[in-house]
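Comments concern the structure below.
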Amino acid sequence: MKEVTDALFQKEVLESEVPVMVDFWAPWCGPCRMVSPVMEELDQLYNGKIKFVKLNVDDNPTTSMQYGIVSIPTLLLFKDGKAAQKLVGFRPKGEFESLLNQYI
Amino acid sequence: MNARYDIAIIGSGPAGLSAAINGKIRNKNIIVFGQKHLSNKIVKAPMVYNYLGLPELKGEELKNQFQRHIDAMGIEVRNERINCVYAMGDYFAVMAGSVLYEATSVILASGMEFAAPFPGENEFLGRGVGYCATCDAPLYKGRTVTIIGYNEEAVEDANYVSELAGKTYFVPMLDKELHLNPGVEIVKSKPLEIKGTDFVEKLVLKDRELATDAVFVMKDSVPPSQLVPGILMEDGHIQVNRRMETNLKGLYAAGDCTGKPYQYMKAAGEGQIAALQAVSYLNAVK
């Protein structure tokens, strides 16, 4: 899964032609470590129909502040440059799938 | 990394142990998490009259019978507290502190000993309310953070948070000497409600209010909805069907946590159903 930064956010996420799932995470966060493998699997499952990226909140405070991230993991789904869905905390894989299926 | 277990059973009351026995009889690789005295509720019961075949036993004696039964079957109860169960898709990640166990199926038999959330706690979850202070502390750099602490870990977390936050309050819910950094302000009062608009703004206590950007609630026993992210509840209990299936595939629940009557034999019966269903599930997926 691609790691994005404050600098790359515009190009990689906001200007993306397909919906983008952004995993806001940090290395010390236990639940984040559980979300990561689920995102990796979903990345393969959706095979380019939805893009999956992660953003380290500690290294990228600008984007995190801009989207009001106050708890991690937070997952934001961007469509046409706008945050369309927000999920805070770990969710079962199936719940992510039901949400993402609405966007393909 | 541990080997992946067939069934992880959370809880060592009648539901959990009945599940354990049935899982073991079906030759499944099980792991049971619980407590030394198996069940606080049973140990405290003065007399149990309606347990089939074991009439008029003191709770303590009934517990000893359970212990003998599991000992004879070589079932060990691990005295580890489970913080979280993650539904990863085709398996479950079960966290005991920082130790991770993996299991293909899980039976939740954790009873009804958990504190109800504070008013506003669910509403502001992820909007200032959190359960992992060490995860979210860096997001509150220079801001005000309040920790409602029920255990020693909460004290450690408060110390960690105080290194990052602008102001740290600690509301102790435990009756112990607190080893807190000088930067942490201890507020001895009873939390009543978490309030705010879009995000948390204050914690209302019995005799004062704290203006705060975040409230971390650090409890020992958490409700199932917090223990298993994504699990569906119904009237304060875990939603199950006749087969003890929850809304999450491979995850079953049994005993008091699924609803009334809060009776030992009902719990044991449900534990059996849950174990046998888990066995069918395991046979189907393997």
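Here is a yes/no grid of residues against (1) closer than 26 Å to residue B:97 by Cα; (2) within 14 Å of another protein chain (Cβ to nearest Cβ); (3) among the polar types (S, T, N, Q); (4) in a loop (DSSP other than H, G, I, E, B):
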site	(1), (2), (3), (4)
B:217	yes, yes, no, no
B:226	yes, yes, yes, no
B:229	yes, yes, no, yes
B:240	no, no, no, yes
B:268	no, no, no, no
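Within this structure, residue B:174 passes the test of being closer than 23 Å to residue B:119 by Cβ and surrounded by fewer than 17 Cβ atoms within 10 Å (Cβ to Cβ). Taking the range B:233-270 as the range and being in contact (Cβ under 8 Å) with a residue 40 or more places away in the chain and touching a His at 6+ places or on another chain (Cβ under 9 Å) as the test, the residues that pass are B:253, B:256, B:257.
Are there any helices (runs of 4 or more DSSP H) wholly within the range B:2-77 with 1 or more residues that are under 19 Å from residue B:258 (Cα atoms), and if so which? Walk me through it before giving the result.
Numbers: elements: B:14-25, B:40-44, B:59-72.
In the range B:2-77, the matching helices (runs of 4 or more DSSP H) lie at B:14-25, B:40-44.
Answer yes or no as to whether residue B:150 is over 16 Å from the mean Cα position of the chain (by Cα) and either within 14 Å of chain A (Cβ to nearest Cβ) or not basic (Lys, Arg) (or both). No, not satisfied. Residues in the range A:78-99 that are within 11 Å of chain B (Cβ to nearest Cβ) and either surrounded by 18 or more Cβ atoms within 10 Å (Cβ to Cβ) or in a strand (DSSP E or B) (or both): 9 in all.
Does the range B:105-119 contain at least one residue that is of a type outside the set (Ser, Thr, Tyr), surrounded by 20 or more Cβ atoms within 10 Å (Cβ to Cβ), more than 10 Å from every other protein chain (Cβ to nearest Cβ) and more than 20 Å from residue B:254 (Cβ to Cβ)?
We begin by selecting, within the range B:105-119, every residue of a type outside the set (Ser, Thr, Tyr); these are B:106-109, B:111-119.
Then drop every residue that is not surrounded by 20 or more Cβ atoms within 10 Å (Cβ to Cβ), which leaves B:106-109, B:111.
Now narrow it down to the ones that are more than 10 Å from every other protein chain (Cβ to nearest Cβ): B:106-109, B:111.
From the residues that got through so far, the ones that are more than 20 Å from residue B:254 (Cβ to Cβ) too are none.
Checking the range B:105-119: not a single residue is of a type outside the set (Ser, Thr, Tyr), surrounded by 20 or more Cβ atoms within 10 Å (Cβ to Cβ), more than 10 Å from every other protein chain (Cβ to nearest Cβ) and more than 20 Å from residue B:254 (Cβ to Cβ).
Could you please find all residues in the range A:7-21 being in a helix (DSSP H, G or I) and surrounded by 15 or more Cβ atoms within 10 Å (Cβ to Cβ)? Give the derivation first.
Start the filter on the range A:7-21 by keeping residues that are in a helix (DSSP H, G or I), which leaves A:7-14.
Residues satisfying the conditions are A:8, A:9, A:12, A:13.
When every residue of the range B:140-157 is checked against the conditions, at least one turns out to be β-branched (Val, Ile, Thr) and in a helix (DSSP H, G or I).
Listed conditions (1) among the acidic types (Asp, Glu); (2) modelled with pLDDT of 95 or more; (3) out of contact with any helix residue (DSSP H, G or I) (no Cβ under 8 Å at 6 or more places or on another chain) are all met by residue B:6, apart from (3).
For the range B:94-134, the set of residues classified as part of a helix (DSSP H, G or I) and within 20 Å of residue B:223 (Cα to Cα) consists of B:133 only.
The values are calculated or read from the model by the stated rules, or taken from the named source; none is laboratory data. Owing to the predicted nature of the structure, the values given are computational and were not obtained by experimental measurement. In this analysis, Cβ positions are derived from the backbone assuming ideal geometry, glycine residues included, and neighbour counts consider all displayed protein chains.
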